[in-house]
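Accompanying notes for the structure given below.
The values are calculated or read from the model by the stated rules, or taken from the named source; none is laboratory data. Note that the structure is a prediction, hence the values are computed from the model and not measured. Cβ placement follows ideal geometry from the backbone for every residue including glycine, while neighbour counts extend to all protein chains displayed. Ligands, DNA and RNA are stripped out before the accessible areas are found, and what is left, the full protein with its side chains, is counted by its heavy atoms. Shrake-Rupley method; radii C 1.70, N 1.55, O 1.52, S 1.80 Å.
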Amino acid sequence: MIEGIFVEGLIYGIMVLGVFISFRVLDFPDLTVDGSFPLGAALMAQCLLMGVNGWLALLVAFAGGVAAGVITSLIHNHLKVPNLLAGILTMTMLYSINIRILGNRANVPLLNQETILTQVTGRLTGIIPDDYILLVFFAVVTIVIKILLDLFFRTDLGMTIGAMGNNEQMVISQGVNPKTLKSIGLGISNGLVALSGAFAAQYLGFADVGLGQGIIISGLASVMIGEFLILKSNRIGVLTLCAVLGSICFYAVMYVGRYYGYVINMTPNDLNLIKGILIIVLLVMTQSKKLKKAAVRAVVKHD
Amino acid sequence: MIELKNVSMIFNQGTVNENQAISTINLNVREGDFITVIGSNGAGKSTLFNLIAGTITPTVGSIHLNDRNITRDPEYKRARYIGRIFQNPLLGTASNMSLEDNMMITYKKGFKWLKRSLNHSMREFFKSELVQLRMGLEDRMKENLALFSGGQRQALTLLMMVLSRPDLILLDEHTAALDPKNAEIVLELTNKFIAEYKLTAMMITHNMSHAIEYGNRLLMMDKGEIIFEAAGEEKKALTVEKLIDKFHQIRHKSFESDRTLLSEE
Ligand SMILES: Nc1ncnc2c1ncn2[C@@H]1O[C@H](COP(=O)(O)OP(=O)(O)OP(=O)(O)O)[C@@H](O)[C@H]1O
Ligand SMILES: [Mg+2]
């Protein structure tokens, strides 16, 4: 049971990496996530029910997420819609699309379905203690994705995307169209989110249109916790590691709240409130950290 | 090389906020020109640069590069042959990245692919170029640019722009936000690079003696028009006093307000 605490953090960690890309690298507060997460879950579930190979299904889910992100970027780029609204538009449309994908149902169970997880468990039984199979599997998956992202952001293209989030004018001055970079960035971001949704559906044993509700808040809280844990760095490898660690911490806390919250008379329905408060507290804490730093700098300057 | 034909720019046309920032300007920038641009606040100097760089499209008129009409080309496309430096030193580089990453991004114009070009020989090349700035930056390749001063960042932006060999460079008061010492250094570097690499340049400045000292042509702007131009020997013979007189002759405004308009220091 104890492994469950960390497994969720790893599965959702893939989503948190996606949120990290949009919010921190691109500086684009992208709410598409609430729709692309269940999109990944729905595509995965439907593919599995249709007998598609699990790994191929993952690819389909990823591609679906990429498409969702690109659509948000196109709405923002070409209709001059503010980024928040562009994301909300796509998210809203995805709600209907997700129900369609699930065959006009809001929930599709995958209980007796062969999934990647059942395959992996079958293959690793006896090699790794049963309780730890999923933990090891998801640790490997998330770390591989993290490393691939690090490699990507160290290429010329990846670095330029990173520069755009900080300074769009610089990218324009380099003769690169920032709209293209936004599409690529949001595509990758939502692709990862959908991938995370696809894994979550298999882990939970169902796909549900409601899976994405508030996921962006969880993602953001995880990113912020990660940033709080580790000192500021400009190395992409450290930043993505922070995101994953933040996710593990956040979902561990949520897990404890869900299963042991009754001790303090808390119900699972209180979790959304807790998440919101957590973000506010983190905001206040980072704010005061920044103020302190600014104060120190002012003193140094005076000397 | 770059030619503006009957260019006018009217902001918010047809509204109460209608504002004619540029009125029928004709300008031919020839290869090798170093043009200084002076004029009071709101004269339209930055707007002129925005038009040339493609940040905005003119209401009337057209812009040509070597006889090719580029009036409708977006800014990012023109940026491949037009380099630009702003007053704000933060606009040229990314604060959240290391010096070497910044240099890698700004070294080559155009879309970047999934390649990793930053390798040992690239780093050595960057270091050897940084030496020209004489700021010791070559020993700080891995440091975050947020740690660098405005002057260092502006000098770096200048160097990287020069390395990309643009057809035209636009400098919009690029030393105005720096302290006097750094401003002097960056201006000297600018002059050195323009001469060394035979660049074509336009430079906006509020400093009239700089406008006279540097370049081979001088433009004075007021209310969206080029009201006076001097080149060659005529420019060399100019003094600050003569410039103010000139402004007075043309605009019939009192001397006192001219001084504040064309601020001297
Ligand atoms: N994007 C814009 N929208 C509306 N009006 C603008 C815009 N940009 C400039 N203007 C107006 O155009 C006029 C010229 O402005 P511009 O920035 O070109 O002046 P400038 O000569 O660069 O002045 P300064 O020396 O203060 O930099 C001003 O009246 C300004 O308010
Ligand atoms: Mg200006």
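Taken residue by residue, the stretch A:108-127 has at least one member that is away from chain B (no Cβ under 14 Å), part of a loop (DSSP other than H, G, I, E, B), in contact with a Leu (Cβ under 8 Å, 6 or more places away or on another chain) and among the polar types (S, T, N, Q). Of the residues making up the stretch B:9-39, those that are within 16 Å of ligand 2 (Cβ to nearest atom) and either of a type outside the set (Gly, Ala, Ser) or open to solvent by less than 10 Å² (accessible area, probe 1.4 Å) (or both) are B:Met9, B:Phe11, B:Asn19, B:Ile22, B:Ile25, B:Ile35, B:Thr36, B:Val37, B:Ile38, B:Gly39. Take the conditions within 16 Å of ligand 1 (Cβ to nearest atom) and within 28 Å of B:Ala177 (Cβ to Cβ) and apply them to B:Arg78. Does it pass? Against the criterion (within 16 Å of ligand 1 (Cβ to nearest atom) and within 28 Å of B:Ala177 (Cβ to Cβ)), B:Arg78 does not qualify. Within the stretch A:278-294, the residues that satisfy the criterion of being open to solvent by 90 Å² or more (accessible area, probe 1.4 Å) and either in contact with a strand residue (DSSP E or B) (Cβ under 8 Å, 6 or more places away or on another chain) or modelled with pLDDT under 75 (or both) are A:Lys289, A:Lys290, A:Leu291, A:Lys292, A:Lys293.
Filter the stretch A:19-72 down to the residues that are polar (S, T, N, Q) and buried (at least 24 other Cβ atoms within 10 Å of the Cβ) and list them by number. Passing the criteria: A:Ser22, A:Thr32, A:Ser36, A:Thr72. Taken over the stretch A:221-237, the residue count meeting the criterion of being in a helix (DSSP H, G or I) and out of contact with any Lys or Arg (no Cβ under 9 Å at 6 or more places or on another chain) is 5. Here is a check on your reading of the model: is A:Asn107 closer than 12 Å to A:Thr32 by Cβ, touching a Phe, Trp or Tyr at 6+ places or on another chain (Cβ under 9 Å) and modelled with pLDDT under 95? Taking the combined requirement at face value, the residue does not satisfy it.
Whenever a residue of the stretch B:83-94 is facing chain A (nearest Cβ under 9 Å) and open to solvent by 10 Å² or more (accessible area, probe 1.4 Å), its partners that are within 14 Å of ligand 1 (Cβ to nearest atom) and assigned to a helix (DSSP H, G or I), lying with C-beta atoms within less than 7 angstrom and at least six residues away or across chains, give the pairs B:Arg84/B:Ala53.
Of the helices (runs of 4 or more DSSP H) that lie entirely inside the stretch B:1-107, those containing 3 or more residues that are within 18 Å of the chain's Cα centre (by Cα) span B:45-53, B:75-78.
The residue that is nearest to ligand 1 (Cβ to nearest atom), among those in the stretch B:40-60 that are of a type in the set (A, V, I, L, M), surrounded by 15 or more Cβ atoms within 10 Å (Cβ to Cβ) and more than 14 Å from chain A (Cβ to nearest Cβ), is B:Ala43.
Restricting the search to the stretch B:156-208, which residues are polar (S, T, N, Q), assigned to a loop (DSSP other than H, G, I, E, B) and away from ligand 1 (no atom under 16 Å from the Cβ)?
The first filter runs over the stretch B:156-208 and keeps only residues polar (S, T, N, Q), leaving B:157, B:164, B:175, B:182, B:190-191, B:200, B:205, B:207.
Filter once more, keeping what is assigned to a loop (DSSP other than H, G, I, E, B): B:164, B:175, B:200, B:205, B:207.
Listed by number, the residues that qualify are B:Ser164, B:Thr200.
Can you find a residue in the stretch B:71-91 that is within 16 Å of ligand 2 (Cβ to nearest atom) and β-branched (Val, Ile, Thr)? Yes, the stretch B:71-91 contains a residue that is within 16 Å of ligand 2 (Cβ to nearest atom) and β-branched (Val, Ile, Thr). Taking the numbered list (1) open to solvent by 20 Å² or more (accessible area, probe 1.4 Å); (2) within 16 Å of ligand 2 (Cβ to nearest atom) in turn, B:Met135 passes all entries but (2).
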